[in-house]
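Just so it is clear, none of the values below were taken in a lab; they were calculated from the coordinates. Here the structure is a predicted model, which is why all the values come from computation and not from measurement. Methodologically, a virtual Cβ is constructed for each residue, glycine included, from the backbone with ideal geometry; neighbour enumeration extends over all protein chains shown.
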Amino acid sequence: MIYFILTADRRLMKNKGEILAEILKEYDFCYLFLHNTRDLQTAVKIMKEGFRFESQLPYSTDRVNPNEPIEIIYFLFQRKEYGIYTIVIAIPKEIYDRYTKLSNMLDISVEEILSIEKPYHNENDELVYRISPHHVLGFFNNNTGEFVINNLWDPLYDITEKKSFKKRPPAGNIPK
């Protein structure tokens with residue numbers, strides 16, 4: 001599904017950040033993370049396969065509040081060199097808070113909870129994780145103002161129902 005910005009109010013907006021903020025206000029029950037990419041094929045692949053990132057989610061994305069359009073305007077300005085397609089990861093607050101609580105209980109990172117595959121080390125020895133496509137809301141084209149909804153996005157998706165987790169052993173008891 002593609003949202004075309006057609007209403008009179010949206011046509012009067014001065015920049016794409018305001019347009020994206022207006023779209024994302026409908027998802028204010030979610031924590032929203034933005035990431036830019038250069039080409040359409042990558043944006044579509046992320047919607048289908050999920051979002052891969054290194055180390056920690058905040059290193060690869062920016063969390064924004066749709067009720068603060070200036071945050072989104074600033075993000076689009078600061079990250080424009082990374083590409084015209086803004087990936088939107090939208091995880092309902094209730095579910096993300098559940099992930100955080102579980103990560104604290106198990107003494108593991110929230111990225112380990114979020115990941116749909118076992119993390120692996122890349123060539124820089126950084127752990128790589130992959131967020132489910134069910135958490136990828138879609139992408140925004142910064143040139144045209146179009147927002148493409150990911151039909152796989154599911155506000156009810158909770159990965160904790162799909163996999164099991166183990167508490168990290170104390171540092172002195174980690175097998176080598």
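Label positions at Glu146 and Glu81, each projected 7 Å from the Cα along the C-beta direction, are separated by 2.8 nm. Note on Lys162 and Leu102: their simple-model spin labels are 1.1 nm apart, each label 7 Å out from Cα toward Cβ.
Based on C-alpha pairs under 8 angstrom that are at least 6 apart in sequence, the chain has a relative contact order of 29 percent.
Largest GNM mean-square fluctuation across Tyr96, Tyr82, Tyr27, computed for the chain with C-alpha springs under 10 Å, falls on Tyr82.
In this structure, the residue pairs whose Cα-Cα separation is over 32 Å, taken from Lys16/Lys101; Lys16/Lys118; Lys16/Lys45, are Lys16/Lys101; Lys16/Lys118. Most tightly packed first, judged by the mean number of other beta-carbon atoms within 10 Å of their residues, the peptides 126-133, 156-163 read 126-133, 156-163. State the percent of C-alpha pairs, over all pairs in the chain, separated by a distance greater than 19 angstrom. The proportion of pairs with Cα distances above 19 Å equals 58 percent. When the chain is fully extended, how far beyond the present Cα-Cα distance does Ser55 get from Glu94, taking 0.36 nm per residue of separation? The Ser55-Glu94 span can extend by a further 11.7 nm. Computed over the range 34-121, the range of Cα coordinates on each principal axis works out to 38, 30, 20 Å, biggest value leading. Measuring between their Cα centroids, the range 107-132 and the range 20-52 lie 19 Å from each other.
Basic side chains Lys and Arg get +1 at the Cβ, acidic Asp and Glu get -1 at the Cβ, and with that the dipole of the chain about its Cα centre reaches some 260 debye. FRET efficiency for the Val44 to Tyr120 pair, using the beta carbon distance and R₀ = 25 Å, is estimated at 0.60. Annotation: peptides 99-105, 137-143, ranked by per-residue average of other Cβ atoms within 10 Å with the highest first, follow the order 137-143, 99-105. Mean residue ellipticity, 222 nm, helices only, the chain: the sum of -39500 (n - 2.57) across DSSP H runs of n ≥ 4, divided by residue count and rounded to 500, is -8500 deg cm²/dmol. Compute the acute angle (0 to 90°) between the alpha-carbon long axis of helix 93-106 and the principal axis of greatest extent of the alpha-carbon atoms of the chain; round to the nearest 10°. Helix 93-106 sits roughly 20 degrees off the main axis of the chain.
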